[in-house]
Structure formats: C-alpha cells, structure tokens
Amino acid sequence: LLAENARLPIDNPATHLELTMIHEAMVLEYSARHLALIEWAVALKLFNYACLGFAFFLPLGLAGKDTGPTALLLGATWLAAKLLLAGAGLALFETLSAKLRVFRAPEFLAMAFMLAVLGLLTRLLFSGGVA
C-alpha cells in the first residue's frame, strides 16, 4: 500500500534527487491542471485502497439490508472515523520512519509479498483447502 501510493519509506516526494524519486519522477514534467489531476488521482487511489481495506478487515458500521437514510448516515460516520484514524496512523508511521535506501526497497516489497502469500496459505490451510 505504501509503495503503490508513493509514500515514505519507499518514496520521498520532498527529495530532488532523481535517483531516489519513484513517483515524483513521473510527474516532473507536469504543472497546473495536469499536475493537479495526477495528485488528485493519487489521493483517490489511497482513499479507495483504505476503504477496501476497511471493508475487508474492519467491516464495522457497514449498512446492511436496512439501507435507509439513517443507516447510510451512520455508515458514512463510521467511514469518516476510520479514515481519520487511518490518516493519523499513516502520518505517525511516516513521521517515525526513515526513508529506505533505493537498494533496500525490493527487500521491503518482497517481504510484503511473502507476508501476503503466507496469509493466503494460512487461510487455505485452516479453511480446508481450495473449494
């Protein structure tokens, strides 16, 4: 999630060294409207990933069969609270972590991939295999 959205420990948007820029090197040539659209797309991607993560791993406050205005308002309130907590957590993580060296980024991404594979295998093991 952090690597896909060009966040710190993988990418540092404040740097001006082209070797360490991953996301910023893509948007170096843009300005004004085009840069605003790219930054908006990055923010929407982070928002969508956060909402999907909440729906899968923290499904508290989802509107069920009773989708009246009250249930939808309550769901929107829960989503805003979860986004506020996730934003604070992301800001805290980015503040406390240092940027990884360029050569350490593949190790970080490989570790994230291996944890995902381990989670999938654990899920298959405890659910009785593939249906």
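A short reminder: the numbers here are calculations on the coordinates, not readings from a lab. These figures come from a predicted structure and were not determined experimentally. Neighbour counts run over all protein chains shown; Cβ positions are idealised from the backbone, glycine included.
Table for the structure above
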| item | result |
| --- | --- |
| Rounded to whole Hz, the Karplus (6.51, -1.76, 1.60) HN-Hα couplings of region 111-122, x for glycine and proline | 5, 5, 5, 5, 5, 5, 5, 4, x, 5, 5, 5 |
| Potential lengthening between A116 and A41 on full extension [0.36 nm per residue; Cα-Cα distance subtracted] | 24.4 nm |
| FRET efficiency for F108 and A76, using Cβ-Cβ distance with R0 set to 30 Å, rounded to 0.05 | 0.30 |
